[in-house]
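Taken together, the values in this text are just the output of simple stated rules run on the coordinates, not laboratory data. Keep in mind that what you see is a predicted model, and the values were worked out from it rather than measured. Backbone-built Cβ (ideal geometry, glycine too); neighbour counts: all protein chains shown.
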Amino acid sequence: MFWPEAPALTVEVTSPSDTPDAADLAEAVASLRRMSTLESLPLLASGKVREMYDLGERLLMVASDRISTYDVVHPTPIPDKGKVLTALSTFWFEQTADVVPNHLVSITEDVPVEVRGRALNVRKLDMLPVECVVRGYLTGSGWKDYQSTGAVAGITLPEGLRDSEKLPEPIFTPSTKADVGHDETIDFDRAAEIVGDRALMERLRDLSIALYSHAADHAASRGVILADTKFEFGRDAGGVIVVGDEVLTPDSSRFWPADTYEVGRPQPSFDKQYVRDWASNTGWDKKPPAPAIPDDVVAGTRAKYVEAYERITGESFDTWLVRVQPS
Ligand code: PZK
């Protein structure tokens with residue numbers, strides 16, 4: 001087949017047989033799509049689902065369409081996932097700018113056309129070495145820790161709480177930033193030790209709870225429960241505390257539809273439930289490599305991400321695409 005628009009890229013295809021077949025080539029193309037490589041900028045860091053590039057004075061954070069379930073990235077992208085998460089993060093940065101300053105500089109300035117909509121131009125910060133987690137509901141590792149100890153991050157909770165139950169008030173449950181493997185929940189004193197400044201840690205806790213409460217109230221008004229979320233803070237050149245990373249997205253938070261919420265059982269995740277349910281039914285053992293996702297599950301999952309964005313912001317996703325379009 002003649003392909004006039006073929007990009008000038010070299011792909012090394014590893015195949016079990018000597019000659020790569022159509023499936024090998026399809027996988028190679030899918031792998032290139034997942035990489036979302038910007039050749040023009042120095043790559044500073046690459047995470048499971050996003051990349052960070054150097055813009056000189058600033059950074060470019062690029063969200064890919066990669067998706068992970070059970071901590072393993074699937075070989076199949078979810079179209080527009082990176083754009084939806086970037087749009088949602090931007091919505092919350094604008095919404096909470098009066099609660100705490102954030103690192104967002106621009107959604108268009110110095111953002112290359114090929115990543116428009118999925119990338120943010122942000123300020124360079126000195127990142128603080130703890131994850132700032134806030135939980136309004138008892139789920140995930142919080143529920144596990146409560147069941148075995150009656151406490152989460154050193155905070156003793158009332159007896160008799162059930163799976164997914166709303167807490168009497170949001171709690172701050174910081175964690176370590178693990179390079180590999182899972183972040184580990186730590187108590188406030190340990191977090192203060194790691195940061196080396198107790199007053200600073202108290203400020204991070206108060207800012208985190210203020211951000212969570214603001215977002216949870218907004219989400220509730222739109223029929224969405226914000227169960228928990230994770231923030232990352234840094235300091236700017238003047239020492240001012242700034243919230244960085246992505247904020248209040250499905251990759252950093254648990255969003256539950258309010259209309260099907262039921263205490264006493266795990267809640268279906270707004271965005272990933274399709275993939276999780278499908279993946280469980282395939283008999284996948286949740287160890288790498290993750291299986292490719294079929295078209296109908298991809299389409300259903302994409303629709304859920306867009307629905308989450310539109311439900312939370314009250315804006316159509318197309319409005320975002322127009323807003324970031326090169327003029
Ligand atoms: C920063 N990460 C996480 C890892 C990614 C992102 N504003 C900032 N200033 C300096 N450093 C960071 C930020 C932010 N946000 C973020 N690590 C450093 C990370 C891997 C890939 F895209």
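Worth pointing out:
- Local electrostatic count, S280, Cβ distance below 12 Å [Lys/Arg +1, Asp/Glu -1]: +1
- Per-residue HN-Hα couplings for the stretch 235-246 [Karplus 6.51, -1.76, 1.60; θ = phi - 60°; Hz; x = Gly/Pro]: 10, 7, 4, x, x, 6, 6, 10, 8, x, 6, 9
- Rough spin-label spacing in nm, given labels placed 7 Å along Cα→Cβ, for A303 and V72: 2.7
- Residues in the stretch 147-180 reached by a label modelled at S213 [backbone nitrogen below 18 Å; 7 Å Cα→Cβ]: 166-174
- Highest-fluctuation residue, T282, T96, T229 considered, GNM on the chain with Cα pairs under 10 Å: T282
- For the pair D206 and Y261, the difference between a 0.36 nm per residue extended length and the Cα-Cα distance amounts to 17.0 nm.
- When only the Cβ of Lys, Arg, Asp and Glu is charged (+1, +1, -1, -1), the dipole of the stretch 127-260 relative to its Cα centre reaches about 200 debye.
- Per DSSP, loop GluC sites (Glu not before Pro) in the stretch 194-279 with at most 12 further Cβ within 10 Å: E262
- Counting other Cβ atoms within 10 Å as a rough exposure proxy, the listed residues T260, T149, T301, T176 run T260, T149, T176, T301 from fewest neighbours to most.
- Per-pair calculated FRET efficiency, R0 = 25 Å: K144 and V99 via Cβ, rounded to 0.05: 0.25
- Sparsely packed loop sites in the stretch 154-201 (the trypsin sites (Lys or Arg not before Pro) outside DSSP H, G, I, E and B with at most 16 other Cβ atoms within 10 Å) comprise R162, K177.
- Within-11-Å neighbourhood charge of D236 [Cβ basis; K, R +1; D, E -1]: +2
- With Cα atoms, 0 to 90° folded angle of helix 22-35 axis to the chain main axis: 50
- A Förster distance of 22 Å, applied to the separation of the beta-carbon atoms of Q325 and T37, puts the FRET efficiency at 0.50.
- Gyration tensor verdict on the stretch 127-260 (Cα atoms; rounded if a/c is under 1.5, prolate if a/b is larger than b/c, oblate otherwise): oblate
- Principal-axis tilt of helix 295-313 within the chain, Cα atoms, nearest 10 degrees: 50
- Note on E114 and R162: with the Förster distance fixed at 41 Å, the Cβ-Cβ geometry gives a FRET efficiency of about 0.30.
- Close amide-amide hydrogen proximity is noted between I225 and W256, A258, each under 5 Å apart and 5 or more residues distant or on a separate chain (H modeled in the peptide plane; Pro and chain starts excluded).
- Loop GluC sites (Glu not before Pro), the stretch 53-126 (other Cβ atoms within 10 Å of the site Cβ: 13 or fewer; DSSP): E57, E109
- Backbone geometry of the stretch 90-106 corresponds, through the Karplus equation with coefficients 6.51, -1.76 and 1.60 at θ = phi - 60°, to 3J(HN,Hα) couplings of 4, 3, 6, 4, 5, 5, 10, 4, 8, 8, 7, x, 10, 7, 5, 9, 7 Hz, x marking Gly and Pro.
- Where labels lie 7 Å past Cα in the beta-carbon direction, separation of S221 and A292 in nm: 4.5
- Among I67, I312, I194, residue whose mean-square fluctuation peaks in a GNM of the chain (springs only between Cα atoms under 10 Å): I194
- Rounded to the nearest 20, the size of the Cβ-charge dipole of the stretch 125-195 about its Cα centre is 240 debye, with Lys and Arg at +1 and Asp and Glu at -1.
- In a simple Cβ point-charge model (Lys, Arg +1; Asp, Glu -1; nothing else charged), the chain has a dipole of about 380 debye relative to its Cα centre.
- Antiparallel content of DSSP bridges confined to the stretch 127-260, in %, to 5: 100
- GNM top mover of N102, N281, N121 - the chain, alpha-carbon springs below 10 Å: N281
- Taken as Cα centroids, the stretch 152-168 and the stretch 267-327 sit 30 Å apart, rounded to the nearest whole angstrom.
- The residue among A192, A23, G239 whose Cα reaches farthest toward the positive pole of the charge dipole of the chain, with charges on the beta-carbon of Lys, Arg, Asp and Glu, is A192.
- Here the Karplus curve 6.51 cos²θ - 1.76 cosθ + 1.60, taken at θ = phi - 60°, turns the phi angles of the stretch 215-220 into couplings of 5, 5, 5, 4, 4, 4 Hz, with x standing for Gly and Pro.
- In the chain, taking the dipole from charged Cβ atoms about the Cα centre, the farthest positive-side position among Q325, P250, L59 is held by P250.
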